[in-house]
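Before any comments, here is the structure.
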Amino acid sequence: MVLKTLSLNFNKEIKMKNKIINSLFALLVLGFVSCGEESNMSPYYQSVTETNAKVKFEHVAIGPSGTNFNVNWFINDTKTSGALTTTGLPLGIAYGGQYPVSINYALVPAGNNTMKVEIPATATVPAATVITKPLVVEAGKNYTTFLVGTSPNYTDFTVNDDLTVTDPTKAYIRFLNFVSNTPTGGYDFSIKELNSNAVVYSGVGYLTGNKAFIPITVVGDLEATTYEFQMRAAGTATVIAKVAFTPRKGRVYTFYSYGYVGGLPATKNLPTLTYYTNK
């Protein structure tokens, strides 16, 4: 009887230790994932609520005469975007910035919302509304909304982010164009190292692009290969903007361009190609 009791107690201790170890391991994994670690692993996980959508906010609108401004987003008069502080400037998200950063999204009530984008007040200048637009989103879905345009013509561009990964051995990409004075014919988008620099998207005009993500092959298990993603004048090999990047298996990325052809003024706000990680 004593041996049996000791055996039961010993087994209970072992089970308890295993539970503790498993819990610690799960916390470590969650910590790595939630920090946006770019590696070969199960993509970032976010719980889906029944009453909210998830929205990312991007600021690519050029200010008057090329003098750019910071902004905040309000959903139904509630400030939604975080405040980044830059010395000498008001609080808000700077030109070319996003909220939240990296793979994260902000929770927004599902249904019909009123979205206001506002230049925050300073000590001497009151807040100014840039746009007020409807924002209609569905529960459990992901979206990105961009503030786009060149003064005084501003608008929003909202796109659904379908983050479904059907092949975990691939990376998924898309390309959107927000260069407000894009030439007639648009831009081509290519990946220099893949398929002999073949065009992935062709003739992408202003406020257009492929909203759906497409798979691309990631070279090597260690993912040490850096690709050069190029935005080119349509039908030519002339590179307008480019970005070097190492894609990861199972991840989802949005590439997008913004700026002004010829600069505004001449050497400022030139067309730029960049990306963010959706998942």
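Of the residues Thr254, Thr225, which is of a type in the set (S, T, N, Q) and out of contact with any strand residue (DSSP E or B) (no Cβ under 6 Å at 6 or more places or on another chain)?
Numbers: Thr254 fails: out of contact with any strand residue (DSSP E or B) (no Cβ under 6 Å at 6 or more places or on another chain).
Exactly one of Thr254, Thr225 is of a type in the set (S, T, N, Q) and out of contact with any strand residue (DSSP E or B) (no Cβ under 6 Å at 6 or more places or on another chain), namely Thr225.
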* Structure fact -> Contact list, first residue from segment 76-98 and of a type in the set (Ser, Thr, Tyr), second anywhere and surrounded by 14 or more Cβ atoms within 10 Å (Cβ to Cβ) and at pLDDT below 90, beta-carbon distance below 8 Å, six or more apart or interchain, is Ser81/Gly92; Thr85/Leu91
* Asked: Which number in (1) part of a loop (DSSP other than H, G, I, E, B); (2) surrounded by 18 or more Cβ atoms within 10 Å (Cβ to Cβ); (3) of a type in the set (Gly, Ala, Ser) marks the one condition that Gly149 misses?
  -> (1)
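Please find, among Pro134, Pro126, the residue that is over 18 Å from Ile93 (Cβ atoms) and in a loop (DSSP other than H, G, I, E, B).
Among Pro134, Pro126, only Pro126 is over 18 Å from Ile93 (Cβ atoms) and in a loop (DSSP other than H, G, I, E, B).
Within the bounds of segment 181-190, is there any residue that is in contact (Cβ under 8 Å) with a residue 40 or more places away in the chain, within 16 Å of the chain's Cα centre (by Cα) and outside the structural domain of Ala128 (by TED's automatic domain parsing)? If you could, list the steps in order and put the result at the bottom.
First, the residues of segment 181-190 that are in contact (Cβ under 8 Å) with a residue 40 or more places away in the chain: 181-183, 185-190.
Now restrict to residues that are within 16 Å of the chain's Cα centre (by Cα): none.
No, the conditions are met nowhere in segment 181-190.
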* Selection from segment 93-126 of residues that are loosely packed, with under 13 Cβ neighbours inside 10 Å and of a type in the set (A, V, I, L, M, F, W, C) -> Ala121, Ala123, Val125
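The values are calculated or read from the model by the stated rules, or taken from the named source; none is laboratory data. Small disclaimer: the values here were computed from a predicted structure and weren't measured. Every residue, glycine among them, receives a Cβ derived from its backbone with ideal geometry; neighbour counts consider all protein chains shown.
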